[in-house]
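Enquirer: Sharing a structure here in structure tokens format.
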Amino acid sequence: MASRRISSLLSRSIASSPSLLSLGGKSPHVSRGVHRYSTAAAAAAALEVPISPPVKVELTQLLIDGKFVDSASGKTFPTLDPRTGDVIAHVAEGDVEDVNRAVSAARMAFDEGPWPRMTAYERSKILLRCADLVEKHNDEIAALETWDNGKPYDQAAKVEVPMLTRLFRYYAGWADKIHGLTVPADGPHHVQTLHEPIGVAGQIIPWNFPLLMLAWKLGPALACGNTVVLKTAEQTPLSALYVGKLLLEAGLPPGVVNIVSGFGPTAGAAIASHMDIDKVAFTGSTGTGKVVLQLAAKSNLKPVTLELGGKSPFIVCEDADVDKAVELAHLAVFFNQGQCCCAGSRTFVHERVYDEFVEKSKARAIKRAVGDPFKAGIEQGPQVDSEQFKKILRYIRSGIENGATLQAGGDQLGSKGYYIQPTVFSDVKDEMVIAKEEIFGPVQSILKFKDLEEVIARANKSCYGLAAGVFTQNLDTANRLMRALRVGSVWINCFDVFDAAVPFGGYKMSGIGREKGIYSLNNYLQVKAVVTPLTNPAWL
Ligand code: ADP
């Protein structure tokens, strides 16, 4: 059976410290003797071979108060396989009433339940058990993710699920290390701060990294002792429900994590505007982030953290080793089908190496292995849905119409599913739409620059400020760029390194606040100042 063959093909050891690009960087596909397509036509032919995902869909209901339940309306919505557009499953569709039920459960679990009251060490042990269970079911979770999202199974199984496990363990480690301070005040007072959980956290996540986004949000919220209502993206509801089942198995009390599948303007808006939610964390587009912020402000003024869009520069300096720079720039933009908020989607290349860089980038894109994401060796699967697929094709057409030179790709791939040819444009100018707007697809825009000060100004001339890549061997150049770029992450001679301990977030319209690392804990804590008079000032 095809599914069994895939399972054995994909059996593997988990990298101890995976980065999102560690797969591509080491080119494991080649060493495993798997084909790459030399032409887009060869790739399209391979798309016609369907492979069944090696897993069943069981969990399609909402998780509320420790139980899997139907939506109050009884309504469901289909979730689709991006390889074909076929229905995978019908999932319970959460709406306002379901969010209300989930918030009541989370409220009760916070106000009266054991989770915020148990010792931090107990919480830590439950989080560690969650991580163990996720690790045990790594491959099923990864298969669900690939099936629902279209990303290569190899990446889901070797990078994304292990990173979820790592995040849970990282924040389990924080649970019993969160504490306040004793403050030396001016006067006869004993002053201390208590760091308390904020309460019920609403969390709204996108479809590009459903599991990572779940981990970035649940990990710190739970470590601090909060309870949660999480809404998954309507395109990718399945993997979170599986993880939800494992959280219960690990001993998480009922109501601590509630998962509501559903749509943004209904379930998402109900979370952002709920009067009984104490904090909201959102990852998604900048436009929707603004709506969430407004809803939070119009309701109970709950604090909001936002992780939004980007148009990240990847700067290749004149001293670069061109072959290495081409490979890294390629991965920076094409990884995850180009569906990364921090994708290095503006490739700035110094004029001295520009022509060679363009030629080699074109060759690399043509060689990119596109096809069924369940096949080993595939680097790029389909885009997540028809809406994204059509939007990317519109951007490609705009690049051609605006006069950029199409070097590779430029169209859909095959006639079934949402596959797009890896596309490379050269001669891209700053004012072109493809250089300004977030495409969220496999489209590389290569721009030419002459000197460092010029590229700094151009890289910063964006409403976004999420990330940047810098490729240089010159320490002074690296130092100048890392300080001058107005972005939340600078990767020097690397890209997409996402360690659990390293903060991530945006400047400007790329967001508010930071996730991961110690920084994320502050998003889920209140600080209470407690002042006690010292009746005898001599005790000071
Ligand atoms: P994209 O355009 O990439 O799909 P969105 O920002 O629209 O990204 O979606 C990210 C998440 O935000 C999803 O879970 C989606 O359902 C949710 N969402 C969309 N619209 C709203 C809204 N008006 N209020 C709250 N959440 C929303």
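Enquirer: State the dimensionless ratio Rg/Rh of the chain (Rg: radius of gyration of Cα atoms; Rh: Kirkwood radius). Display every interim value, and only then the final one.
Expert: Numbers: Rg = 23.8 Å, Rh = 24.0 Å.
Here Rg/Rh amounts to 0.99.
Enquirer: Just tell me which lysines come within less than 18 Å, Cα to Cα, of Lys136; anything on the same chain fewer than 8 places away is out.
Expert: Candidates past the 8-residue exclusion: Lys56, Lys125, Lys158, Lys245.
Enquirer: Extension gain Asn536-His90, at 0.36 nm per residue separation less the Cα-Cα distance, in nm?
Expert: Value of the extension gain: 153.7 nm.
Enquirer: On the Cα set of the range 166-317, report Rg and Dmax in Å, please.
Expert: 17.7, 59
Enquirer: Please give every one of the aspartates and glutamates within straight-line cross-link reach of Lys391, meaning a C-alpha to C-alpha distance under 15 Å, and leave out same-chain neighbours fewer than 8 residues apart.
Expert: Answer for Lys391, where 15 Å is the Cα cut-off: Asp411, Glu437, Glu438, listed by chain and number.
Enquirer: Counting DSSP beta bridges in the chain, what percent are antiparallel, to the nearest 5?
Expert: 45
Enquirer: Can you give me the distance in nm between label points at Ile400 and Cys494, each placed 7 Å from the Cα along the Cα-to-Cβ direction?
Expert: Between Ile400 and Cys494, the simple spin-label model gives 3.9 nm.
Enquirer: What lysines sit close enough to Lys528 to cross-link, taking a C-alpha to C-alpha distance under 21 Å and skipping anything fewer than 8 places away on the same chain?
Expert: Lys528 reaches Lys177, Lys279, Lys302.
Enquirer: Where the accessible area of the range 207-253 is counted over protein heavy atoms with a 1.4 Å probe, how much of it, in %, is carbon and sulfur?
Expert: Carbon-and-sulfur percentage of accessible area, whole number: 49.
Enquirer: Treat each spin label as a single point 7 Å out from the Cα along the C-beta direction, and report the Asn100 to Ala457 distance in nm.
Expert: In this crude spin-label approximation the distance works out to 5.7 nm.
Enquirer: At a 1.4 Å probe radius, carbon and sulfur cover how many percent of the accessible area of the range 310-499?
Expert: 48
Enquirer: Do any trypsin sites (Lys or Arg not before Pro) in the range 311-401 lie in a loop, going by DSSP, with at most 15 other beta-carbon atoms within 10 Å of their beta carbon, and if so which?
Expert: In loop regions of the range 311-401 (DSSP not H, G, I, E or B), the sparsely surrounded trypsin sites (Lys or Arg not before Pro) are Arg352.
Enquirer: Follow-up. Calculate the translational D of the range 381-538 in whole µm² s⁻¹ from Stokes-Einstein, where the hydrodynamic radius comes from the Kirkwood formula applied to all Cα pairs, the temperature is 20 °C and the viscosity 1.002 mPa s. Could you put the intermediate results ahead of the total?
Expert: On the way: Rh = 18.9 Å.
Stokes-Einstein gives a translational diffusion coefficient of 113 µm²/s.
Enquirer: At 1.4 Å probe size, with every protein chain present, just tell me what the per residue accessible area of the chain comes to in Å².
Expert: On the way: 20800 Å² over 540 residues.
For the chain, the per-residue accessible area is 39 Å².
Enquirer: Any number yet on Rg/Rh for the range 95-251, C-alpha, Kirkwood?
Expert: 1.05
The values are calculated or read from the model by the stated rules, or taken from the named source; none is laboratory data. From a predicted model like this one, the values you see are computed outputs, not experimental measurements. FYI the Cβ positions are ideal-geometry reconstructions off the backbone, even for glycines, and counts take in every protein chain you see. Note: accessible area is taken over every heavy atom of the protein model, side chains too, but ligands, DNA and RNA are not part of it. Shrake-Rupley method; radii C 1.70, N 1.55, O 1.52, S 1.80 Å.
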